[in-house]
1. How far apart, in nm, are the 7 Å Cα→Cβ label points at F121 and R67?
2. Would you calculate the separation in nanometres between label points at D221 and D49, each defined as 7 Å from the Cα along the Cα-to-beta-carbon direction?
3. Identify all lysines with a Cα-Cα distance to K161 below 16 Å; exclude those on the same chain that are fewer than 8 residues away in sequence.
4. What is the sum of charges around I19, taking Lys and Arg as +1, Asp and Glu as -1, for the other residues whose C-beta is under 12 Å from the C-beta of I19?
5. Sort 243-250, 53-60 by the packing proxy (mean of other Cβ within 10 Å over each peptide's residues), most packed first.
6. How much net charge surrounds K125 when only the other residues with a Cβ under 14 Å from the Cβ of K125 are counted, with Lys and Arg +1 and Asp and Glu -1?
7. Can you tally the net charge around V180? Count Lys and Arg as +1, Asp and Glu as -1, for every other residue whose Cβ sits under 14 Å from the Cβ of V180.
8. Report, in debye and to the nearest 20, how large the dipole of the chain comes out about its Cα centre when Lys and Arg carry +1 and Asp and Glu carry -1 on their Cβ.
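Since every read-out is calculated from the coordinates, none of them should be taken as a lab result. Remember, predicted model here, so these are calculated numbers, not experimental data. Positions of Cβ are generated from backbone atoms using ideal geometry, with glycine treated the same way; all protein chains shown enter the neighbour counts.
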Amino acid sequence: MTHDLSGKTALVTGGTRGIGRAIAMALAGAGAHVIVTSRKEAAVGETVDAIRRAGHRADGIPANVGRLDELHAFADRLFATHSAIDILVNNAAANPVFGPVEQTTPEAFAKIMDVNLRAPFELAKRCLPGMEARGGGAIVNISSIGGVSPEAHLGIYSVSKAALISLTEVMAREWGPRNVRANVICPGLIKTDFSRALWGNETLLQQTLDAQPLPRMGEPDDVANLALFLASPASSFCTGGTYMVDGGYTI
């Protein structure tokens, strides 16, 4: 089996920072033509330039996938220049609330669900016909350990990530006969800007490390290496799986 992605086209949402950027770099390094998207045009351009400087193929299209009109406009633009996407990595996420669940406003609730759940669903639907036409494809959704066991102060975020795990299982069951695989990764504490509220607090950080068999924070590449496996032919008999990258925290 091989991790070679030569001839494949991959789309990575939220692909300009942290886990998303590491995944984009890993897929490009394995030979894929990577399409990077995130909200900020400058960040998209910088990431694409970095991938190209490393000798790999990449393009970028800025978009806020949490807004349905922008998502569909993005998909229209994407498929106007690329016949199909072979690999879809739904990494973009939002969490505007860190605190007791009752502090979540209707606006924050909607944003979390729009970005973390509706966007992966809508993008997967748009990518499905092309994947099927090319003989199959791979969807990798990025959830969280909060999707398995709700995390303190991350209530509705955890709910959205639990729903993403369920959505992944639905995709795997319904789309498997079309040779479209869907798997989900649940990162634990990974050192990114997105998780700074956790590792930036010494008390919370130590509590997490004390609960892990591997007493260190994860790095974005720890997630990217698994995403590469799940996107590649090496995982051709894997679908509907939930994979932890958490240092053993959820044992």
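1. Label-label distance for F121 and R67, simple model: 2.1 nm.
2. Each label point is offset 7 Å from its Cα along the Cβ direction, giving 2.3 nm.
3. K161 reaches K111.
4. Values: positive: R17, R21, K191; negative: D193, E219, D221, D222.
Net charge around I19: -1.
5. On the way: 243-250: 18.4, 53-60: 15.6.
The most tightly packed comes first, giving 243-250, 53-60.
6. For residues surrounding K125, the net value is -1.
7. Numbers: positive: K8, K125, R126, R134, R173, R178, R181; negative: D86, E132, E169, E174.
Once all neighbours under 14 Å are counted, the net charge is +3.
8. Working: 22 positive and 24 negative charges, 103 e Å.
Computed about the Cα centre, the dipole is about 500 debye.
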